[in-house]
Structures are given as structure tokens and as C-alpha cells.
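The values are calculated or read from the model by the stated rules, or taken from the named source; none is laboratory data. Computed from a predicted model, the values in this text were never measured in an experiment. Please note: Cβ atoms are built from the backbone with ideal geometry, for glycine as well, and neighbour counts cover all protein chains shown.
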Amino acid sequence: MINNRKYDVIVIGAGPSGVSSAINCAKKGLKVLIVDLNSNSGGQIYRAPPKTYKSISKKLEENVIQNKLSDEIKKFKIETAYNHTVWQVSPGFKVNAFNETSTIQWQSKSLIIATGTYEKIIPFEGWTIPGVIGLAACTVILKAHHFIPSKKIVLAGNGPLLMLVAYYVIQFGGKVDAIIDTSSKIDWIKSTLSLITNPKNFRDGIKWIFKIFLKRIPFYSNSTVEKAFEVDGGINVKIRNLKNGKAKNIISETIAIGHGLIPSTDITRLLRAEHIYDEQKGGWIAKVDRFLRSSISGVYIAGDGAGISGALAATDKGLLASSALLYDEKFISQTEFDHNTYKILKKLDKYEVFAKAIFKLNSTPKKLIESINNGTVICRCEDITKSEILRAVDQGAKDINQIKSWTRLGMGPCQGRTCHYATSKIVAEYLNCEIDNLGYLTGRSPIRPVPLDRVLGDFDYEKITKVEAAPL
Amino acid sequence: MDLRVSNYFDRSNKVNINVNNKKIEAYEGECLAVVLFVNNIKKLRLSPKKRQSRGMFCLMGSCQECVVLIDDKKVISCNVFIKDGMKIKVGDFDK
């Protein structure tokens, strides 16, 4: 079903930055469409509970914020296309998406890409076994779906999400068997001065850590999950201390692991925008100016997509990107633009201090990359192991797209979203080069698998105009 | 042990779904991937080359690991909400 509905601006992603930018544009009278794969606004950070859930009385803070976003979208009568997965974006701009029944195409003069991030997970032997999930997946289970994943759980990786998930598992009646953190306790103490610049998040952090401390949860610093395998009644988790080499095995039901966030560049890579590598901002990101304009005229990046600065900054980044759009399209004057953006830029500078501290806690230690065994599957979609990647490199594949052609890495349904970062790290380490030199995976459509029945739609075969075959 | 947290929300109607011809109880509108996971149905499909079991992983529509068959169609189960009588196949369906 092709539907050529036209908009002034299409916002992809209904998280906090997508919503704030959509509202900013709608206030100036622009025709706005906001598209999201989920059934409601909120993005991942304020992920909405399923529509059938009926609130009793008290609510989680995240659910309250999500309600506010929903109300604002309604108040400003912004058109929404929830449950729509974007699979292709082409210049012009044409945005193609599919839902449960069909595909659709919209057109717009400008694009605001507010697709946020997905989780960075550094592979280990056994990370593919069912029962190993992302730490961010775990927060969604807890805070959006209101389940605990299992009676017992091991939390691994690094950064504040470890503490948040531990807090909610305990609060909701589950048991945390261990927390395994690649950072040291000193890293955490060093970060406090920067983290305190964001008092709200800092207070939350103290609350989480206090609970973990009270419950006397075994805490392994400077450590990682080296290996996991299934045993009767659960998963054997082999913990390795990256500093002193000591190992320990524990048995649990689920492992939730995450090492921070990776900006989503699917759409900007597809549009052939310029990208740069910035480890502190999450890896490969679309190159933007200080008002979040990408290298392509008419394409703006709101939220964490062009560098991670966190949920609190997301709303302001949405305002910044949309203000740039409004100014470029002459909906606001230079004076109004300067006035609007001056305060936002100042606020964002403050958030950067916090973001940098979080980045340090979420950094990927060299030893973590070195600890990956050769037999470990790196590309989950195509079952490509570390040794297969290194063999391709030995044979002459010196760039990530060559590695892709050589091995099929990144050619599966996830299009490299899960393995791109780790592969770059492994190869850069092996060749002792900068990740910039390896390049990034060229964006290819479809960015999400499209069910063919949606593309075909309903038609009567007899009614199709048949073209005669060309003469031989 | 029911792993549902009911401090904040009431679920909708109790319904049955069918997973590999086994009846599973759930509430209408709950996320399929999560319901399977907490019912210890974690092995959702096999990987293409090594034929290793795979399951729910990212829960946000990125990794595509949680694919199952619903009414003989492949879908990512993290974006499916429970409906009464849903027929689901997991495991070695991808031949």
C-alpha cells in the first residue's frame, strides 16, 4: 500500500527528544508526523507499559513522564504512526515503514532523526545462549512490562545501569546473585564529583547503591563474564578478574549484561551522511554542527543519535535540532533562533560533564576485548566467530566492509547493529590501528527485515496487467 | 513463582496461548517475548549456521534474535502483544 502523504517534517522516534522536537515544530504550524516502532511514545528510557495495563494508584516515575509525553502529543494534535517500523529512508525525503498489515510511504521536506541508541554488549563465550539478555532489555522487562526476568539473576557489564537494574530486581522481589563490573570501585569514586552536577540522577544512584549494599550482594569489580554455559537448572557463569586473573564460577538463571550505549546510525548511514568516530560519544556518529544539523541539508539529529548525552539532555537536544530546522526553513527569525538556542546550549554544556563521567564508567577496557576467546561468536546473525574475523583480516580484509564481504558478518537481520562496535574494537586491537581506519558498515536497505506479505499487500492476480516477455 | 510485578498495574483478562501445542496462561496484551521467557521457554529459534539455540536478547526490536512463528508467519516476539488463542511455534521451525 503506497500512500504518498506529505508532511513538512517527519520525526523518526517518539522518545523524549523526538517528542520535544515534534512539539516545537507543531507550535509554529508545521505539519508534523512522528513515527515509532512501539505502540506509544516514551522511547526506551520511558518505555510505555502495554496498552492493556491499567494503572492502580502509585506509578513509577518513568511511567509518569511517559504519560506527560503522550498528553503533550495529544494537546498539540500531532499525527502519530505508532507500531510502524521504518525500513527505508531515501533522499527527497521518502520514509518507508511497515506495520502489522501493510507498508506505507510518507514524504517530507525535512527529517528529524531521533532514533536514540541501542545497547553496547561486548561478546563473551556463551553470550548467545538463551537466558543471556541485555541489561537494557532487563530494564524494559522490569519498568515497562512489570515482570522480573527470573527468580535469580547475575548482572554484568558496567555503568550506572548495573545499579539501576539491581535496585529494581530487589525492589520487585527477585534475587541478584552477583554484580560483575569491569570498572573498579576507584573509578566510581573518581566519577562522583562529575556525577553530582546532575543532582537528580546522583540521588537516584545513591539510592540504588544503598540498596545493593544493604542486601550484601556479591560485587566483583575489575571483572567480567569470561564464559557461560547451560547446566541443570540454569547457567554456569565463569567470572574472571581482569586485573589479577582470578576466576570463580557461580550458577544463576539469567545473565543480564551491557556495556553502555551505541548511537543508532542506521538512517544517517543509509542517507550517506558524513560520520565520525568518537569513542566518548558512543562510537560512530553522524557528524553534526552545534545545532545538530547533519551533513545533509534538511536532516537533523535529535537526542542521543549523534552522541550520547543522556535522557535529561534529550529534550533539550530535540528543541535545539528543531530550532535549527525552523530557522533554516524561515519559520523563526535569527533573533528568535539565537534567543531560543542560547540557553539550551548552556544547559547542554552542563549535561556534558555528567555524560563524560558516565562514559568513563562505561568505557570498554582493552583487557575486556583481549579476554574474548577465539571461538566466541561475534556476529550472532551469521554465526561468525572471532577467529573467522581475524582469518579474514590475515587474508587481506583491512576494512569493516571488506570483512563483511569476506565473512558475511553484519549481513544478517540485525544489519550489524549488534556486532559492529565489538568487531571494530577486536580488529583495531589486532592490527594496532585506530577504529577510524577501519571505516563503518555502509548503510543498506532494508534496515529492518520487511515481511514480504506486507510489501505485496492484497491484490487479485488476475487483475494484474501482464507484460509480454521480451523476445529472445 | 509468578514473576509478574503487580504493585503498579492491573493486567487485563487472563487468556491462553498455544506454544508448540502446549497451553500457556497469560494476560491479554502482555509482551509475548517476556511471557515466553518467564515461562522458561527461552529457546526460540536456531541460528542459521551452527544451529545453536537463540532467544530474546535486546527486547527493543534491534537484534532480531527473538523471532518465532505466529500463525506460520515469522515475527519478532518482543513486539507482539498476547491475544487469546495465539498459536506460536518455537525451536527448529526455520528449515
Fill in the blank from the handout: Within the stretch A:424-472, residues part of a helix (DSSP H, G or I) and of a type in the set (Asp, Glu) come out as A:429, A:436, A:453, A:462
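Select from the stretch A:313-328 the residues that are of a type in the set (Ser, Thr, Tyr) and within 17 Å of residue A:13 (Cα to Cα) and write down the one among them that is surrounded by the fewest Cβ atoms within 10 Å (Cβ to Cβ).
The first filter runs over the stretch A:313-328 and keeps only residues of a type in the set (Ser, Thr, Tyr), leaving A:315, A:322-323, A:327.
Right, trim to within 17 Å of residue A:13 (Cα to Cα) and you get A:315, A:322.
Values: A:315: 21, A:322: 34.
The residue in question is A:315.
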Problem - Elements of type strands (runs of 3 or more DSSP E) in the stretch A:1-88, at least 2 residues being in contact with a Ser or Thr (Cβ under 8 Å, 6 or more places away or on another chain) and buried (at least 17 other Cβ atoms within 10 Å of the Cβ) - result: A:5-12, A:32-35
Completion exercise
For the stretch A:140-157, pairs from a residue that is more than 21 Å from residue A:220 (Cα to Cα) to a residue that is β-branched (Val, Ile, Thr) and part of a loop (DSSP other than H, G, I, E, B), with Cβ under 6 Å and 6 or more apart or across chains, are A:146/B:5
Practice task
Scan the stretch A:21-41 and give yes if some residue there is touching a helix residue (DSSP H, G or I) at 6+ places or on another chain (Cβ under 7 Å), under 15 Å from residue A:318 (Cα atoms) and within 13 Å of another protein chain (Cβ to nearest Cβ), otherwise no.
Solution key: no
Practice task
Return yes when residue A:430 is of a type in the set (Phe, Trp, Tyr) and within 18 Å of the chain's Cα centre (by Cα) and no when it is not.
Solution key: no
Problem - Condition broken by residue A:73, with the remaining ones in (1) among the β-branched types (Val, Ile, Thr); (2) under 29 Å from residue A:452 (Cα atoms); (3) away from every other protein chain (no Cβ under 14 Å) satisfied - result: (2)
Exercise for the section: Provide a single number: the residues in the stretch A:379-395 that are hydroxyl-bearing (Ser, Thr, Tyr) and outside any helix (DSSP H, G or I). Expected result: 1
Completion exercise
Of those in the stretch B:10-45 that are of a type in the set (Lys, Arg) and at the interface with chain A (Cβ under 9 Å from one of its Cβ atoms), the residue surrounded by the most Cβ atoms within 10 Å (Cβ to Cβ) is B:42
Exercise for the section: Evaluate the following for residue A:446: is it surrounded by fewer than 21 Cβ atoms within 10 Å (Cβ to Cβ), of a type outside the set (Lys, Arg) and either more than 30 Å from residue A:246 (Cα to Cα) or modelled with pLDDT of 95 or more (or both)? Expected result: yes
Handout entry: Failed criterion for residue A:267 (all others in (1) in contact with a Lys or Arg (Cβ under 8 Å, 6 or more places away or on another chain); (2) among the β-branched types (Val, Ile, Thr); (3) assigned by TED's automatic domain parsing to the domain that holds residue A:299 hold)
Key = (1)
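Residue A:101: over 30 Å from residue B:6 (Cβ atoms) and in a loop (DSSP other than H, G, I, E, B), yes or no? I'd like the intermediate steps shown before the answer.
Working: over 30 Å from residue B:6 (Cβ atoms): yes; in a loop (DSSP other than H, G, I, E, B): yes.
Yes.
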Practice task
All but one of (1) among the polar types (S, T, N, Q); (2) touching a helix residue (DSSP H, G or I) at 6+ places or on another chain (Cβ under 8 Å); (3) loosely packed, with under 13 Cβ neighbours inside 10 Å hold for residue A:432, so report the exception by its number.
Solution key: (2)
Exercise for the section: Residue by residue through the stretch A:144-170, note down the ones that are in contact with a strand residue (DSSP E or B) (Cβ under 9 Å, 6 or more places away or on another chain), assigned to a helix (DSSP H, G or I) and either within 14 Å of another protein chain (Cβ to nearest Cβ) or among the polar types (S, T, N, Q) (or both). Expected result: A:144, A:161, A:165, A:169, A:170
Handout entry: Selection within the stretch A:231-250 - under 21 Å from residue A:374 (Cβ atoms), outside any loop (DSSP other than H, G, I, E, B) and touching a residue at least 24 places away in the same chain (Cβ under 8 Å)
Key = A:237, A:239, A:240
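In the stretch A:52-77, how many are in contact with a strand residue (DSSP E or B) (Cβ under 8 Å, 6 or more places away or on another chain) and closer than 30 Å to residue A:417 by Cα? Give the derivation first.
Step one: filter the stretch A:52-77 for residues in contact with a strand residue (DSSP E or B) (Cβ under 8 Å, 6 or more places away or on another chain), giving A:52-56, A:63, A:73.
Applying the additional criterion that residues be closer than 30 Å to residue A:417 by Cα yields A:63, A:73.
The number of residues fulfilling the criteria is 2.
Conditions tested, residue by residue: (1) within 27 Å of residue B:61 (Cα to Cα); (2) in contact with a His (Cβ under 8 Å, 6 or more places away or on another chain); (3) surrounded by fewer than 16 Cβ atoms within 10 Å (Cβ to Cβ).
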| position | (1), (2), (3) |
| --- | --- |
| A:214 | no, no, yes |
| A:242 | no, no, no |
| A:250 | no, no, no |
| A:256 | yes, no, no |
| A:274 | yes, no, yes |
| A:285 | yes, yes, no |
| A:311 | yes, no, no |
Exercise for the section: Could you grab me the full set of residues in the stretch A:393-441 that are among the polar types (S, T, N, Q), touching a Phe, Trp or Tyr at 6+ places or on another chain (Cβ under 9 Å) and closer than 19 Å to residue A:121 by Cα? Expected result: A:418, A:424
Exercise for the section: Filter the stretch A:118-143 down to residues that are in contact with a Gly (Cβ under 8 Å, 6 or more places away or on another chain) and among the charged types (D, E, K, R) and give me whichever is nearest to the other protein chains (Cβ to nearest Cβ). Expected result: A:119
Exercise for the section: Among the residues of the stretch A:140-186, count how many are polar (S, T, N, Q) and under 16 Å from residue A:235 (Cβ atoms). Expected result: 1
Exercise for the section: Name the single residue, out of those in the stretch B:46-91 being surrounded by fewer than 19 Cβ atoms within 10 Å (Cβ to Cβ) and at positive phi, that is nearest to the other protein chains (Cβ to nearest Cβ). Expected result: B:61
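Using the structure shown, decide if residue A:57 is of a type in the set (Ser, Thr, Tyr), within 11 Å of chain B (Cβ to nearest Cβ) and farther than 28 Å from residue B:75 by Cα. Give the derivation first.
Working: of a type in the set (Ser, Thr, Tyr): yes; within 11 Å of chain B (Cβ to nearest Cβ): yes; farther than 28 Å from residue B:75 by Cα: yes.
When the stated conditions are applied, residue A:57 passes them.
Any residue at all in the stretch A:171-182 that's assigned to a loop (DSSP other than H, G, I, E, B), of a type in the set (Ser, Thr, Tyr) and away from chain B (no Cβ under 14 Å)?
Residues of the stretch A:171-182 that are assigned to a loop (DSSP other than H, G, I, E, B), as a first pass: A:172-174, A:182.
Now restrict to residues that are of a type in the set (Ser, Thr, Tyr): A:182.
Next, from what is left, pick out any that are away from chain B (no Cβ under 14 Å): A:182.
Yes: the stretch A:171-182 contains one or more residues that are assigned to a loop (DSSP other than H, G, I, E, B), of a type in the set (Ser, Thr, Tyr) and away from chain B (no Cβ under 14 Å).
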